[in-house]
Amino acid sequence: MVDEKNRIESPFANRLRKVAPQRMRWAKRQGLTAFRVYDSDIPEYRYAVDWYAGRVHVVEYVQRHGRGAGRDQLQEVLQSIEQELGVAPEHVYHKAKAPKVWGQQQYEKLDTRNETFVVEEAGLRFQVNLGDYLDTGLFLDHRDTRIRVGREARGKRFLNLFCYTGAFTVHAAAGGAAATTSVDLSNTYLAWLEKNLELNDLAGPQHEIVRSTRCAAARGISRCSIRLRSRRRRRWSPPSTCSATTWISWTRPWRC
């Protein structure tokens, strides 16, 4: 229970108090244990607040020159989250996200604790890590598209370029895709994809995993380049380290 005498009263706390119960009820009906609660609803409070099965991931959007909202506001936000969402301080993960120069900069690893746990989305299970990286392993704003992929995948072959932890691949496989090919540069993310497939009893030889060696390698990967033309569903999401010029030049021939 929240101590009413010490309860924070602010625009952010009031907004969280209003929307959080609604989002919790909606997520339960949808079979979700990971979902967004707040996303810069108030312009003065530039944060994304995401619920992950009893833990909270908070991203502060910082301007390019590193100017954030200030320590006082951050403390207000974190305390409001603890009070209104009923989570302990050790289960609130705060990160600051500043814009990077496309094709020149990337976000570095933040920690090495490797504390992972499982969340659920539309009947599927995914491993997440809230502490070690800026991202968690599951982009919540892609959920509707992932579910659509699952609905449309039956009998089709699915190509997932820059697949990250393979959530789209898992949805396609669960939806009855005849085969999938997932491509990424990172061994860490590809191992994460394998774990996600195993969590859902979907691992098998029909779900191919390919490690590329450069940002534009998809045009030169002999194991999948021949099959690109015959893929019935394709998904790509280039990382910030891939320059826009290179990205457009090799994707154009494969446009759906």
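Some observations on this one:
- Selected residue (only one of S212, S182, S186 is at pLDDT below 90 and farther than 18 Å from V119 by Cα): S212
- Some residue of segment 30-42 being outside the structural domain of L130 (by TED's automatic domain parsing), in contact with a helix residue (DSSP H, G or I) (Cβ under 7 Å, 6 or more places away or on another chain) and charged (D, E, K, R): yes
- Annotation for segment 70-85: no member residue is small (G, A, S), more than 19 Å from V19 (Cβ to Cβ), at pLDDT 95 or above and surrounded by fewer than 12 Cβ atoms within 10 Å (Cβ to Cβ).
- Scanning segment 117-148 for residues that are touching a Lys or Arg at 6+ places or on another chain (Cβ under 7 Å) and not acidic (D, E) yields V118, Q127, L130, G131, Y133, L134, L140.
- Candidates K100, K95 - the one that is among the basic types (K, R), surrounded by 13 or more Cβ atoms within 10 Å (Cβ to Cβ) and modelled with pLDDT under 70: K100
Here is a yes/no grid of residues against (1) under 29 Å from K109 (Cα atoms); (2) touching a helix residue (DSSP H, G or I) at 6+ places or on another chain (Cβ under 7 Å); (3) not assigned by TED's automatic domain parsing to the domain that holds A48:
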| residue | (1), (2), (3) |
| --- | --- |
| R143 | yes, no, yes |
| R148 | no, no, yes |
| N160 | yes, yes, yes |
| A172 | yes, yes, yes |
| G176 | no, no, yes |
| S182 | yes, yes, yes |
| Y189 | yes, no, yes |
| L199 | yes, no, yes |
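- Pairs where the first residue, in segment 170-183, is at negative phi and the second is surrounded by fewer than 21 Cβ atoms within 10 Å (Cβ to Cβ) and among the acidic types (D, E), C-beta under 6 Å, 6+ apart: T181/E208
The values are calculated or read from the model by the stated rules, or taken from the named source; none is laboratory data. In this text the structure is predicted, and so the values were computed from the model without any measurement. Cβ atoms come from the backbone with ideal geometry, glycine included; neighbour counts cover every protein chain shown.
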